[in-house]
1. How many residues does segment 466-497 hold that are more than 28 Å from Glu548 (Cα to Cα) and surrounded by fewer than 18 Cβ atoms within 10 Å (Cβ to Cβ)?
2. Mind counting the residues in segment 595-608 that are at pLDDT below 90 and within 21 Å of Thr559 (Cβ to Cβ)?
3. Going by what's in this entry, would Ala65 be described as surrounded by fewer than 21 Cβ atoms within 10 Å (Cβ to Cβ), under 21 Å from Val203 (Cα atoms) and assigned by TED's automatic domain parsing to the domain that holds Val212?
4. Yes or no: Asp536 free of Cβ contacts under 8 Å to residues at least 60 places away in the same chain and surrounded by 19 or more Cβ atoms within 10 Å (Cβ to Cβ)?
5. Out of segment 425-460, which residues are within 16 Å of Asp507 (Cα to Cα), free of Cβ contacts under 8 Å to residues at least 24 places away in the same chain and not in a strand (DSSP E or B)?
6. If I go through segment 292-314 residue by residue, how many of them are free of Cβ contacts under 8 Å to residues at least 40 places away in the same chain and either in a strand (DSSP E or B) or within 13 Å of the chain's Cα centre (by Cα) (or both)?
7. Check segment 672-683 and report whether any residue there is surrounded by 23 or more Cβ atoms within 10 Å (Cβ to Cβ) and either more than 30 Å from Ala569 (Cβ to Cβ) or within 36 Å of the chain's Cα centre (by Cα) (or both).
8. Take the residues in segment 396-420 that are outside any loop (DSSP other than H, G, I, E, B) and either at pLDDT below 95 or in contact with a Lys or Arg (Cβ under 6 Å, 6 or more places away or on another chain) (or both); name whichever of them is surrounded by the fewest Cβ atoms within 10 Å (Cβ to Cβ).
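The values are calculated or read from the model by the stated rules, or taken from the named source; none is laboratory data. Please read all numbers here as calculations on a predicted model, not as lab measurements. Neighbour counts run over all protein chains shown; Cβ positions are idealised from the backbone, glycine included.
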Amino acid sequence: MRTLLLPVCALAAHGMAQSRVPQLPPTTPEAPAAVAALRQGLPPKVLFDRPRGTDVWAIGHDWKAGFDGRGVTYIPFFGSEAPQNFPLRLELAEVRIGDERLALPAGTPREEAGTVTTDRGALVETVATTTDVVEQSFVFHELPTRGAIHVDLAVQTSLQATVVEGGLRFANEFGAVHYTKAVAVDASGARQSLPITWDGDSVRMTIPADFVANAKLPLVLDPLLDTNPGIRPGETLAQRNPDTATLQSPNRSLVVYQRTWSATDQDCYAEALDANLDRVNLFTLVLDATAESWVSPEVASSQFAGNYLVVAQSTLGGISFIVSRLVNGNGTVTSQVVDVERAGSVGLPGNNFAPDVGGDPFGGTLAYYCVVWQHATSASNHDIHYKLVQQDGSLLATMPSVLSGDPSYESRPSISETNRTTEWRVAFERQRTVAPFDGNIFGGGIGWEGTLTRPPYAIDTTTAFDAYPEASSPIVQQNGGQEVHLVVWDRSNGTQGDILCNFVRVDGLTLGQFNLDTLEAGGVFAARTRTNPGCDADGLRFVVGYSEFNGTDYDTYATTVRYDATLGALLDDVRQPLGVTPGFEDYETGIAAYHSAGLQTSSRYVIASHNTASNDIAVFAYGGYQAGPFFSPFPTQCGPLTVTPSGEPIVGGTVTIVANTPAPYGFVLGFPGYTWLGPLGCNCVLGVDQGVLGSGPLVFTIPADTSFVGTALSAQAYGATGTNCFGFLALSDTIDFTVR
């Protein structure tokens, strides 16, 4: 076998000229992709996490709880529409045996087999969990005396306590928590039910002296916690704001998203997927299920480290800060949440918002993640800051660098998925300080080592209302050698929204701006509102995703765009429907190309969006090209010779065509043609024009040059397996394919 190369000069000279119209496969409006739905369901087990290395957190079906060494904070799920969390804090206040008060030092909680255990000195506090209930236990392995045991728990909650049969009910108009069924059990199995009393701010349970006197140690005091009536978050909990990143070798992707526990508490989850969009992890990955509220998660990858960095805006106690967490390529979460920027902890005073993160495909240890965010200098002055994060998740420096410190309101920074080992591209919004106070789009560049390589420059400063910019990874300009990024954003005129796009060279020069709405499909859908754009690059082209309002709901589409130095923007694949569920919102487009995770050109993209009907996070494996079969046979067969094509006829891709014979055979590769060979003594048809010959099987690598998109090619095999041609040859059908 050898590789057959059709000369590039022949491709360029032939262009689109054809001596016959090739019989190409019809396209289809369906997305050319497998789709995975990350549906919020009830977890089959309690999920545990230790996000900051000390406290243990757990989440079940309708509850989550934190264990900090002194007590438990139980947070019931009262529905995503609940205005806030309503936690119930239970903490050991006093334990007495008779009149002797026992010491209760704080312990270190540890989890094993679904039970959290904390050594409190005189006793061991254990919490056994199931998906529906939490069973709290106080275990006495030793007793200094055999008097009655009084256990007092301090309670902190805004829920109203009432006495009910078997214990207490803590409730408001959104739901209730029951603390009931206290029982004393000794090692021999003897048991006695106990009352739970309430004095207005604390709970008391007492094991009578006669039971203690005869108890065989260890002696256990067990009450139960449960949310009643339970509201199933699997049926009601909203999932939103997905983002995705990829690893190139092996092909992996991580999808991150947030779930609404209450109006003031968003949790964050992830799924690691393989090349077929099948889960790598057995259970959903918990990134945050604490009392913090994580919003707008973003993710990037490091190919050398084989991991991902997830960043989010976290809010606790009215303070907003930037957090990060590593996820390994094998689908495991590291144990530590890192504060990237948090007032009083690391960095500058002030609140921080809207982070984004870029990765680095460099194959060595000197590769970093770059985190950008919006920093509040004052109420009217927000700036864009950034920091580098090392491959192990630690900060390279504690103090941030300033990308833009203009005395205006700057917001919503976006950083490219990758720096292509050299420079990240950043786009952000800057509000005009005078009328009409609209938003303008600016950009900047950050070098791989953290230097500000491109100070802020204007991308669009018209008086239109521009917002929500997104910056892509780069392609290499084919005729100039410079890197080119695509920046996309929302533009609103008050009645509808458009998607604006701008090609930006690595030095900040804008190469051309266009309105996707008017350029796409000849402007047929230009009157529709579009919003929430996302974009990335596969090394040669760009994909733009967006949400479009069809009159009743939003749908998600993707369009492939390439840049031509002479012609500007060219659309190769228009309006591929991704999420188009009738009557329900299919919204948002988090996009990552496999190219963004490495230096090898790849047309593959992973695109994530959410669907409000089923609370799914939908994930699409998008090829960046027109849907439909790749190959189509043209009937030219004479004799028993047949061929089977495989591969992908895309720029940079490889096509392989194999014949059904072990005997020596050859191929002719060229452009679609039709030549009757009868006058030459061959009772066959040659279906190829301007062809070149080579031995079989055919292995043809299409040049990685987007100017060849749309070029129609044909291949036909010949072999000494028949008598139809010159008495000893056979010809196969001609295989037509068009470069996508």
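1. Restricting attention to segment 466-497, the residues satisfying the condition of being more than 28 Å from Glu548 (Cα to Cα) are 476-483.
The next check asks that each one be surrounded by fewer than 18 Cβ atoms within 10 Å (Cβ to Cβ); those that pass are 476-482.
Qualifying residue count for the region: 7.
2. At the first step, the residues of segment 595-608 found to be at pLDDT below 90 are 595-604.
Restricting the remaining residues to those that are within 21 Å of Thr559 (Cβ to Cβ) gives 595-596, 601-604.
Going through segment 595-608 one residue at a time, the tally reaches 6.
3. No; evaluated as a whole, the condition is false for this residue.
4. So Asp536 does not fit the description; no.
5. The one that is within 16 Å of Asp507 (Cα to Cα), free of Cβ contacts under 8 Å to residues at least 24 places away in the same chain and not in a strand (DSSP E or B): Thr451.
6. Counting residues in segment 292-314 that are free of Cβ contacts under 8 Å to residues at least 40 places away in the same chain and either in a strand (DSSP E or B) or within 13 Å of the chain's Cα centre (by Cα) (or both) gives 3.
7. Taking every residue of segment 672-683 in turn, none turns out to be surrounded by 23 or more Cβ atoms within 10 Å (Cβ to Cβ) and either more than 30 Å from Ala569 (Cβ to Cβ) or within 36 Å of the chain's Cα centre (by Cα) (or both).
8. Of all residues in segment 396-420, those outside any loop (DSSP other than H, G, I, E, B) come to 401-404, 409-415, 418.
Still in the list and also either at pLDDT below 95 or in contact with a Lys or Arg (Cβ under 6 Å, 6 or more places away or on another chain) (or both): 410, 418.
Details: Glu410: 25, Thr418: 32.
By that ranking, first place goes to Glu410.
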